[in-house]
Amino acid sequence: MKKAVLVFLFAFLISAVSKAQMYTDFTITDMDGNDVTLSKVLDNSKGVMIGFWATWCSPCKEEMKRLADVYGKYKDQGFEYIAISIDNQKSTAKVKSFITAQGYTFKVCLDPEKRVFESYGGKDEVPYSIMVNKNKEVVSVHVGFKTGDELKIEEEIKSMLGIK
């Protein structure tokens, strides 16, 4: 009996982890109403980080602030960063004013129904970030953010871009 329970738990954990780490193409609308398709972004880059966030989330704002600098360093070397807001319909108006006030230049998209977020295994915790390489493989997943995490993320970006 114990063995069967352990096998079930192991299979459940493997399926949960693999679901979160599978590539799923999507087309989503950016703040200006333009379509952004992940496969097209990957066709023109060496890899992308997809960061799910919300205007009410302080760690999300800190992650974006830190990653804006990292994005600036590596965007000309093939790195893309897409910040996807999971704010609901009522609070999406805050997204554009926040991004504009911060002067961010990376792509910012809206996912008020959380379809893309959930397709990548997102639950309730943000920030939730996925790194996808040119071969459409999920190479890392990050849940939460604290100051200093950007150093590890930067190393992952450099590795994905083939920079030593």
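Of everything listed in (1) polar (S, T, N, Q); (2) under 26 Å from residue 32 (Cα atoms); (3) not in a strand (DSSP E or B), the single unmet condition for residue 147 is (2).
Checking each residue in segment 110-134 for being closer than 17 Å to residue 75 by Cβ and assigned to a strand (DSSP E or B) picks out 129, 131, 132, 133. For residue 47, the stated conditions hold: it is under 12 Å from the mean Cα position of the chain (by Cα) and touching a residue at least 60 places away in the same chain (Cβ under 8 Å). A count restricted to segment 119-145 and to residues that are of a type outside the set (Ser, Thr, Tyr), at pLDDT below 95 and closer than 19 Å to residue 29 by Cα stands at 1. From the list 33, 72, which residue is at positive phi, small (Gly, Ala, Ser) and not in a strand (DSSP E or B)? After applying the criteria, what remains is 33.
Only a single item in (1) surrounded by fewer than 17 Cβ atoms within 10 Å (Cβ to Cβ); (2) without any contact (Cβ under 8 Å) to a residue 60 or more places away in the chain is not met by residue 142, and it is number (1). Would it be correct to say that residue 118 is under 25 Å from residue 160 (Cβ atoms), within 11 Å of the chain's Cα centre (by Cα) and of a type in the set (D, E, K, R)? Taking the combined requirement at face value, the residue does not satisfy it. Quick check: is even one residue across segment 87-101 among the acidic types (Asp, Glu) and in contact (Cβ under 8 Å) with a residue 40 or more places away in the chain? No, that holds for no residue.
Residue by residue, here is whether (1) at pLDDT below 95; (2) among the hydrophobic types (A, V, I, L, M, F, W, C); (3) within 23 Å of residue 22 (Cα to Cα); (4) surrounded by 17 or more Cβ atoms within 10 Å (Cβ to Cβ) holds:
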residue: 81; (1), (2), (3), (4): no, no, yes, yes
residue: 86; (1), (2), (3), (4): no, yes, yes, yes
residue: 90; (1), (2), (3), (4): yes, no, no, no
residue: 94; (1), (2), (3), (4): yes, no, no, no
residue: 103; (1), (2), (3), (4): no, no, no, no
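The values are calculated or read from the model by the stated rules, or taken from the named source; none is laboratory data. Here the structure is a predicted model, which means the values were calculated and not measured. A quick note on method: Cβ atoms are made from the backbone with ideal geometry, for glycine too, and the neighbour counts reach across all protein chains shown.
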